[in-house]
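This report concerns only the one structure given below.
Any read-out appearing in this document is the output of simple, stated calculations on the displayed coordinates, not a laboratory observation. Since this is a predicted model, take the numbers as computed values, not measurements. When we count neighbours, we look across all protein chains shown, and the Cβ atoms used for this are built from the backbone with ideal geometry, even at glycine.
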Amino acid sequence: MAIRKIRYIGDDILKKKCKPVKAITDSTKELIQDMFDTMYEANGVGLAAPQVGILRRICVIDIREGDPVVLINPEIVESSGEQTDEEGCLSVPGKVAEVTRANYVKVSSLDMDMNPVTYEGEGLLARAMQHEIDHLDGILYGERASEPYRDLEEEEEWEEE
Ligand code: ZN
């Protein structure tokens, strides 16, 4: 288990477009495990590779309901509906902002054996997938928000993505 250093807003690496994964090597597996460890340690529901300084198209998500999800070279292939809610990000600590996103997405991805796999999500899972996939294109949720970042209220319990 290894916790990696989370990159914060202002770090240029968060604005870069990530490259596709070409093979799952031992270091890829280690990265994915470390990403889960780092996400759980920070009490987040999702983490993308650039958030730990790696410009590869990999995300991990666990909304604490259903199985954790690993996305490798993910693409949103279908989306529908709309949801508006407060969102947070481990790279923008202590802040939230309201973001409108699709309520349903279908994502094509690769599994750990590089075989194609499809995930569908609604609500929070759909939000998390859209948020994390945005990271792979250098987009922070603030760019999609309807308002500037606000300070997270102390008493609010928020699981950051
Ligand atoms: Zn984020």
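Write out the GluC sites (Glu not before Pro) in segment 33-83 meeting two conditions: DSSP loop, and at most 15 other Cβ atoms within 10 Å of their Cβ.
Here the sparse-neighbourhood loop sites are Glu65, Glu82.
Taking only C-alpha pairs under 8 Å that are 6+ residues apart, what is the relative contact order of the chain in percent?
Rounded, it is 26 percent for the chain.
Grab the other residues whose beta carbon is less than 13 angstrom from that of Asn103, score K and R as +1, D and E as -1, and report the net.
-2
Less than 15 Å Cβ to Cβ from Ile24, Lys/Arg counted +1 and Asp/Glu -1: what total charge do the surrounding residues give?
Local net charge: 0.
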